[in-house]
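A.B. asks: Right, I'll just put the structure down here and ask away after.
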Amino acid sequence: MKIISRAVSAIIAAAFTFSAYADNTPKYIFYFIGDGMGMGHVLAAQTYNRMVLRNADPLLMMQFPVAGVATTYSASSPVTDSAAAGTALSTGYKTVNGMLGVTPDSAAVTSIAKTLHDAGYGVGIVTSVAPDDATPGAFYAHVPHRSMFYQIGRQAAESGYEFIAGAGLRGTKDKQGNPNDLTDYLRSHGVDIVRGAEAAAASPSRRILMLNTDSLPDHLNEIGYTIDSITEPGNLNLPLITRTALNHLQRVSPDAFFMMVEGGNIDHAGHGNDGGTAIKEILNFNEAIAVAYEFLLQHPDETLIVITADHDTGGMAVGNAFTGYNAFLHYIDAQRMSKDRFAEECRAMLRSRRNYTWDDMRDLLTEKFGFWTILPVNEKQTESLRQKYEKTFELRNSDDQRTLYNTFNEFTVEVFRVLNDIAGIGWVDTNHTGNYVPVYAAGHGASAFAGIHDNTQIPVLILDAALPSPARLAFPD
Ligand SMILES: [Zn+2]
């Protein structure tokens, strides 16, 4: 397979190892990608941080000294998917939605993780969703479609990267559901497959694939939302994954490393138009950033942190038609579960033999979302909820809402519409948008990230900072 590289060729990069340039390039690079994290998501989380948590300081990412915005359109659409956007952010090439690590004509393109790995950097690729998902996959895989999980898994094995982590691998079974050779293939490449952070810390292996401790079937491709996982101790979470990866890279590659950290659940909450869950995911992502920032403070001259998003999901906004010139984000604290989890509960209720009544459901809405006690649900909203309840649970005639990751019954959709309305959270749709995404940077080389960029420029700027100019001048793009 012909491999095109936006940056220096891997072979040349290997000849110029980082050690020769240690004094003037960042040795430690953190690349944070909030999947679906549009400008509105960050601002909603900051509004919550300011008005509800009453923190005088803005979110850590907003305190970074350098900020900018990025355009995200793909080769096939003004509205990108995560595969094309991941490819742009990892290789500097635009591609067609759905394609991963290849150009529109299927030529493989080199990720900056690979270039840096060949130059001597240890590499960690971690996410709060599946490690074979589009965003992490863009840093090691080349496939014509993002759903080719078996091939993506094999290429993870072949990458040589030191640490890969996420919820669960999806390519380990064939179409009949029988285990295939992927697990063995990973092991044959020296990858220790561990479950949970403690097992990762205890592993002597140079190469680790860390998966969640408890991959419940329904959560196989994600570690669960922050808002839900509070009740599941032992589960991985993004700050823990980030810290575990950092500890591992410091052990096996103390002189230089590159880490990509994806906040994958932000996108899932966005697809569901689940405002409270999205805000809590942004705060969780911000905590993962704090792990890297702590490291930066200890290694200020040698560390670069870049934060961006692959695209905006849902066009989230502070303010909507219902609240007018206001928003009441404190109401999201009454929310005890995500929309996905609530939809699951509804499905269980629909399957159960028990005859639920509207009064039962009212109690549940009060308990899980504070309806009528904390949230001032008005008569019109109550009537609409009751009608959708009847349609979904009694007539069994729900007009379902299908999104990329879930199907929500009409009642669930109405519950969350009421929640968003009362809290003052607006949404454009349940898909991605072509909105700008934010870019933040701190540390060595950060100034290059100020201003307006296309997403394809971001990996180029990271390599510009990391690799020496002689190699780059010798191989102009
Ligand atoms: Zn998405």
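The values are calculated or read from the model by the stated rules, or taken from the named source; none is laboratory data. None of these values were measured; they are calculated from a predicted model. Virtual Cβ from ideal backbone geometry, glycine too; neighbours counted across all protein chains shown. Accessible surface areas use protein heavy atoms only, side chains included; no ligands, DNA or RNA. Shrake-Rupley method; radii C 1.70, N 1.55, O 1.52, S 1.80 Å.
A.B. asks: Once you charge only the Cβ atoms, +1 for Lys and Arg and -1 for Asp and Glu, what is the size of the charge dipole of the chain about its Cα centre, to the nearest 20 debye?
C.D. replies: Working: 36 positive and 52 negative charges, 85 e Å.
Rounded to the nearest 20 debye, it is 400 debye.
A.B. asks: Sticking with this structure for a sec: Per 10 Å bin from zero, what fraction in whole % of the C-alpha pairs of segment 77-182 is there, up to the bin with the longest pair?
C.D. replies: In whole percents, the pair-distance histogram is 17, 48, 30, 5, 0.
A.B. asks: In addition: Starting from the 7 Å offset along Cα-to-Cβ, what nm value, one decimal, do you get for the label separation of Gln176 and Glu367?
C.D. replies: Result for the modelled spin labels: 4.4 nm.
A.B. asks: So how far, in whole Å, is the C-alpha centre of segment 354-398 from the one of segment 239-270?
C.D. replies: 41
A.B. asks: Additional query: Could you tell me, in Å, what Rg and Dmax come out for the Cα atoms of segment 64-116?
C.D. replies: Answer for segment 64-116, Rg first and Dmax second: 11.8, 39 Å.
A.B. asks: Measure nothing fancy, just the Cα-based angle from helix 275-298's long axis to the longest principal axis of the chain, in degrees from 0 to 90, nearest 10.
C.D. replies: 30
A.B. asks: Put a dot 7 Å past each Cα toward the Cβ at Thr357 and His145; how far apart are the dots in nm?
C.D. replies: Each label point lies 7 Å from its Cα, and together they span 5.0 nm.
A.B. asks: Is there a pair in Lys368/Lys391; Lys114/Lys173; Lys27/Lys280 whose C-alpha atoms are over 30 Å apart, and which pairs would that be?
C.D. replies: On the way: Lys368/Lys391 21 Å; Lys114/Lys173 27 Å; Lys27/Lys280 32 Å.
In this structure, Lys27/Lys280 lie more than 30 Å apart at Cα.
A.B. asks: If you don't mind, there's one more thing I want to ask. How large is ³J(HN,Hα), in whole Hz, for each residue of segment 54-61 in order, when computed from phi with the Karplus curve 6.51 cos²θ - 1.76 cosθ + 1.60 and θ = phi - 60°, using x for Gly and Pro?
C.D. replies: 6, 7, 5, 7, x, 3, 3, 4
A.B. asks: Can you give me the accessible area per residue for segment 318-426, using a 1.4 Å probe, in Å²?
C.D. replies: On the way: 5730 Å² over 109 residues.
On a per-residue basis, segment 318-426 sits at 53 Å².
A.B. asks: Heavy atoms only, probe 1.4 Å: what % of the accessible area of the chain goes to carbon and sulfur, would you let me know? Before the final figure, lay out each step's value.
C.D. replies: Working: 9740 of 18810 Å².
Roughly 52 percent, rounded to a whole number.
A.B. asks: Compute the distance from the alpha-carbon center of segment 412-460 to that of segment 98-153, in whole Å.
C.D. replies: If we compute the Cα centre of each part, the gap is 22 Å.
A.B. asks: What number, in percent, do you get for the relative contact order of segment 368-422 if the mean sequence gap of Cα pairs under 8 Å and at least 6 apart is divided by its residue count?
C.D. replies: Computed over segment 368-422, the figure is 32 percent.
A.B. asks: Given contacts defined as C-alpha pairs under 8 Å and at least six residues apart, what's the relative contact order of the chain, whole-number percent?
C.D. replies: With pairs under 8 Å counted, the relative contact order is 27 percent.
A.B. asks: Relative to the first principal axis of the alpha-carbon coordinates of the chain, what is the inclination of helix 339-351, with its axis defined by its Cα atoms, in degrees from 0 to 90 and to the nearest 10?
C.D. replies: Between the helix axis and the principal axis of the chain, the angle is about 50 degrees.
A.B. asks: In terms of the ratio Rg/(2.2 N^0.38 Å) built on C-alpha atoms, what value belongs to segment 318-426? Write out the running numbers ahead of the final one.
C.D. replies: Numbers: Rg = 13.7 Å, N = 109, 2.2 N^0.38 = 13.1 Å.
That ratio works out to 1.05.
A.B. asks: Multiply the residue separation of Arg347 and Arg50 by 0.36 nm, subtract the distance between their alpha-carbon atoms, and state the gained length in nm to one decimal.
C.D. replies: My answer for the length gained is 103.3 nm.
A.B. asks: Turning to a different aspect of this structure: So, in nm, how far is label Asn24 from label Ala290 when the simple model puts each one 7 Å beyond its Cα toward the Cβ?
C.D. replies: Going by the 7 Å Cα→Cβ label model, 3.7 nm.
A.B. asks: Taking Cα atoms, how many degrees apart are the long axis of helix 379-389 and the longest axis of the chain, rounded to 10 and kept between 0 and 90?
C.D. replies: The two axes meet at around 80 degrees.
A.B. asks: Among the aspartates and glutamates, which fall within straight-line cross-link reach of Lys380, defined as a Cα-Cα distance under 14 Å, with same-chain neighbours fewer than 8 residues apart omitted?
C.D. replies: Counting by Cα, and skipping residues close in sequence, Lys380 has these aspartates and glutamates nearby: Glu414, Asp421.
A.B. asks: What number, in percent, do you get for the relative contact order of segment 318-426 if the mean sequence gap of Cα pairs under 8 Å and at least 6 apart is divided by its residue count?
C.D. replies: The normalised contact order for segment 318-426 reaches 45 percent.
A.B. asks: If you don't mind, there's one more thing I want to ask. Give the average over all directions of the projected area of the C-alpha convex hull of the chain, one decimal, in nm².
C.D. replies: Average of the hull's projected areas for the chain equals 22.7 nm².
A.B. asks: Please list 3J(HN,Hα) in residue order for segment 76-90, calculated via the Karplus relation 6.51 cos²θ - 1.76 cosθ + 1.60 where θ = phi - 60°; whole Hz, with x for glycine and proline.
C.D. replies: 10, 7, x, 10, 7, 9, 6, 6, 5, 5, x, 4, 4, 6, 9
A.B. asks: Right, next: State the extension gain, in nm to one decimal, for the chain segment bounded by Tyr325 and Lys380, taking 0.36 nm per residue of separation less the distance between their alpha-carbons.
C.D. replies: 17.7 nm
A.B. asks: Right, next: Calculate, in nm to one decimal, what Ala75 and Asp464 gain on full extension: separation in residues at 0.36 nm each, minus their alpha carbon distance.
C.D. replies: Result: 137.7 nm gained on full extension.
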